[in-house]
1. Looking at (1) within 15 Å of the ligand (Cβ to nearest atom); (2) aromatic (Phe, Trp, Tyr); (3) without any contact (Cβ under 8 Å) to a residue 60 or more places away in the chain, which is the only condition residue 50 fails?
2. Checking the structure you have, find out if any residue of region 103-114 is within 16 Å of the ligand (Cβ to nearest atom) and either polar (S, T, N, Q) or in contact with a strand residue (DSSP E or B) (Cβ under 9 Å, 6 or more places away or on another chain) (or both).
3. If the requirement is being assigned to a strand (DSSP E or B) and at pLDDT 95 or above, which of these qualifies: 52, 77, 94?
4. Being within 16 Å of the ligand (Cβ to nearest atom) and either over 17 Å from the mean Cα position of the chain (by Cα) or buried (at least 17 other Cβ atoms within 10 Å of the Cβ) (or both) is the filter here, so list the residues in region 13-41 that pass it.
5. Which one is surrounded by the fewest Cβ atoms within 10 Å (Cβ to Cβ), of the residues in region 173-208 that are near the ligand (Cβ under 10 Å from one of its atoms) and closer than 25 Å to residue 60 by Cβ?
6. Quick check on region 42-65: of everything there that is touching a strand residue (DSSP E or B) at 6+ places or on another chain (Cβ under 8 Å) and more than 11 Å from residue 99 (Cβ to Cβ), which residue is surrounded by the fewest Cβ atoms within 10 Å (Cβ to Cβ)?
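The values are calculated or read from the model by the stated rules, or taken from the named source; none is laboratory data. Computed from a prediction, not measured in an experiment: that's the story for all the values here. Cβ placement follows ideal geometry from the backbone for every residue including glycine, while neighbour counts extend to all protein chains displayed.
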Amino acid sequence: MTHPLYDVIERRRDVRAEFSDEPLDPEVLDRLLRAAHAAPSVGNSQPWDFVLVRDAATRTAFQEHVARERAVFAASLPPDRRARFERIKVEGILESALGIVVTYDPERGGPAVLGRHAIADAGLYSACLAIQNLWLAATAEDIGVGWVSFYRKEFLADLLGIPAPVEPIAWLCVGPVSHLQETPDLVRHGWRDRRPLADAVHQDRWQG
Ligand SMILES: Cc1cc2nc3c(=O)[nH]c(=O)nc-3n(C[C@H](O)[C@H](O)[C@H](O)COP(=O)(O)O)c2cc1C
């Protein structure tokens, strides 16, 4: 029998439409944040912070901004792709119990971050691992997470008072769900399929 962790990894979904009306249990939220905060990070810099957004006016302002950015993206598409995109929901900002904005601080642990001298992005990679930890922990708790990236960083930083050089890297819609879809939304809607693992694995050298 495989370890139950593999089942959690398989069940994890990006959630947009399945958020229920229930609130998020504070003890569950605490466990999710602890899981995120336990992530590995370059030089142990722990460059993440979490802004918990409950305020209705703030969430509405962000949702309206995301709707505008959705329209910008739609306008960039050829007609057949645009028609397909119109059927796809890209956020559950107002339907989810909570917004968690994850930020990245490039100065945390500096000026000499062990392991980041040659790869500046290693700091960002670390913050993304915190998000993945939270996402998998949420799945194990039957809590949905939806990553929203249809926004301009300056807008969200301004909305939440995030000081430069700290930057918001994700708005996560988090909350109880009716269920998790078995198939990713973008696959169900014929936007883009999952790639076979065999295509992603290379032996010894890159094979195109
Ligand atoms: C960096 C990142 C940004 C994303 N941004 C959005 C987004 O703005 N809106 C959305 O609906 N999904 C977003 N997603 C979710 C992806 O569409 C989703 O992970 C992918 O389609 C695979 O589906 P699954 O997560 O259910 O397996 C994002 C995911 C990642 C990792």
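1. (1)
2. Yes: one or more hits.
3. Answer to the check: 52.
4. Matches in region 13-41: 13, 14, 15, 16, 18, 19, 36, 39.
5. 185
6. Taking the candidates together, the pick is 49.
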